[in-house]
Structure formats: C-alpha cells, structure tokens
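Student: Quick one: structure below, then a few questions.
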Amino acid sequence: MRPVNTFIAFLLLALTLSDSFASIPLGASRKSARGTIDMYGCLQGNEYYIVNFAAYPAEAAKGKKLPVPECINIPATGNTLITLDLLDRDVRHKEVAVKVLKEGGQLISETPYSIAKQGNTSIGVNFSIAGKYQVVLYVKDTDFNMDNELTALHIPVAVAMPGNEPAAKNTMTGFFVLLGLIIIGLAFFVPHLLRPAKATD
Amino acid sequence: MKIRISNPFFSLTFILAWTVAQNAFAEGVLIKGEPEDKAQLSQFDGKLNFWFSGNVSERDPSLIVVNSRGQRVDNHDVKLDIASRSHLRATTPKLPPDHYVIRYRVVTEDGLVVSGIRKFSITQ
C-alpha cells in the first residue's frame, strides 16, 4: 500500500500548491506604467477597447538578452517598434489602424486599415525629439456602426521625459525562482518523510 | 522500466504538470448576461446585468449600449461588484424599439480580459 499512500500524499500536495497559485499568469513579464513588473502589464483601454501596449526601442534590441518591452514611458528617443496586443477577441476580426501623433496633433507615423489576424498590430516610429506623443488605435467596428474618432483608443506616451523613473527590479523572476526551489525541495524531501521507518531488531 | 512513485523526478513532474493544468482554468468566465444574446424583447426594464466567475479585478470594467444609428444610449453608470460571482451592471433610459449592441468587459486579477458583444432588439 506504500505506493498508493505516497501517490495520495503527492496528489494532495499538488492540489494545495495549485490552489495557492491558481492566479499566476505564466510568462507575464511586462512593465506597467509605473515601471514595475506586475500581473497587468501595460494595459491601456477606454470604454470600448483595451490593448496591451509594448514599445521596443531599437537600441535595446541590439543586446544579446531579450528586450523587456517598455510601457508608455519610453526612456530614450530613436527608432522604436510599438506593438498593441488586441485583447478584445472580436477586434481581432475587424479592421484596425494605428496613428502616432505629436503633442500638437502632427501625424508622424500611421498604418493602413487591416485585420490583425495574429491579434496584434505594430508600427515603427522614430521618436526624434523627447516629449509627449499619442498612439491612437482606430477600429472599424461593424458591430457598433459608430464614428471611429469617438471610439478611438488614445494612448499617451512620454519619450525621454525627465522624471521617468527607472524600472524596478523584476520581482516576478525572483518569485518564480523561489517557487521552483520550493517545489524541487518538496519533491525530494516528501518521499523520504513518507518512507516507512526501517524495522529494528 | 518501473517508475517508483517516490521517485523525486516523477513527483516533481507530477506537481508541475498539475500546477500548469490548474493555471489554465484560472481565468474569469461569463456565466450569465441579461438581456440574453439576440433576445427580442417587447419590454426592457433598462437594466443590464452580467455575472462572471473567477478572479475578476476592479480594473477597467466596461458596459456600454449602442443603438442602430451608432449612438451610445446607456447612462454611463457601469458598476462592478467583486464576489465569487462578480456582477457587472449598468442602466439605460427607456429605450424605443430598435436594434441594440452591448459591449461588456472585465479584467481578471491575472491581467486577462473577458470581453464580448451581445445584441438584442426591442420590438413594438
């Protein structure tokens, strides 16, 4: 019966662990608007649509490590790839377009209307001057039949602005490392604890 | 090859597989919505109600209604009550016969978005 008892013990242990961590999103590692890493990443939304915003400065992409996407506070000027993850499933089947505007409304980059079959849309921008910009998502919503300008999602972006705080350390990495060590430790020690004591003469 | 249950590698694999499986089912789910999708109503009390399961957060809830002319007709009064069955609600003024579209949205504590569209009609 020893293997059965051991199996039941591990089953209960796994259930306990899973209930404790059922809300952890595996792989989430995006900066928020505050520069910290949290569960929500860089969610940007209005009453109609919501997206996950990610900015990849070209300089950061040159390194060997995978670049951590920036949120709406981009630390430096220069060429930047902006990606919007379309989190509303119905929007992934509708035509969308993206515009990047300077603070005064001057258009500096735009994409044509197209259906984002992969669920995200990207635009390359050269932020040549530090300052405030707007990234605007337009949706041709065939369900709503509303003016695109009324439903457009305006995302304020600050580029190389003084006072942009540096990103906090990625606490999520440390958390998952700790979680892994706990699981490994339990996997090695629990079987020894459940092993029946040797009979002594 | 016999696999001993007390084998650390086996137990580690089991625990990790179970944890991943649990995470896959952690997101919020729409349980019920009023009015129902594609409902044809002779009377509408102006109340919109949506219930969600799972770990719904207070972040970015949305519930809006638009008529067939592309005009928003709800009262801009969306409220979200967090509970084991979270309740998203809003109201509209008395609406004339027409076709209407509802867009609802909640965000779970995991950062996952639960959103969708429903259509209903008020008949004469």
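Student: Return the total of residues in segment B:78-100 being in a loop (DSSP other than H, G, I, E, B) and within 12 Å of another protein chain (Cβ to nearest Cβ).
Tutor: So the answer is 1.
Student: Could you list, in sequence order, all residues of segment B:37-53 that are under 26 Å from B:E109 (Cβ atoms) and in contact (Cβ under 8 Å) with a residue 60 or more places away in the chain?
Tutor: B:F52
Student: Does B:P61 count as in contact (Cβ under 8 Å) with a residue 40 or more places away in the chain and exposed (fewer than 14 other Cβ atoms within 10 Å of the Cβ)?
Tutor: Considered against the rule, which asks whether it is in contact (Cβ under 8 Å) with a residue 40 or more places away in the chain and exposed (fewer than 14 other Cβ atoms within 10 Å of the Cβ), B:P61 comes out as no.
Student: Another question, if that's okay. For B:N55, only one of the following conditions fails: (1) within 9 Å of another protein chain (Cβ to nearest Cβ); (2) within 18 Å of the chain's Cα centre (by Cα); (3) loosely packed, with under 13 Cβ neighbours inside 10 Å. What is its number?
Tutor: Status for B:N55: all satisfied but (3).
Student: Now for a different question. Go through segment B:1-56 and report how many residues are at pLDDT 65 or above and under 22 Å from B:S84 (Cα atoms).
Tutor: Selection size over segment B:1-56: 19.
Student: Let me ask something additional. Which of the residues that make up segment A:110-135 are closer than 20 Å to A:M161 by Cα and crowded, with 17+ Cβ neighbours inside 10 Å?
Tutor: Across segment A:110-135, the qualifying residues are A:V125, A:F127, A:Y133, A:V135.
The values are calculated or read from the model by the stated rules, or taken from the named source; none is laboratory data. Bear in mind the structure is a predicted one, so any value in this text is a computation, not a measurement. Don't worry about glycine lacking a Cβ; one is built from the backbone with ideal geometry, like all the others, and counts go over all protein chains shown.
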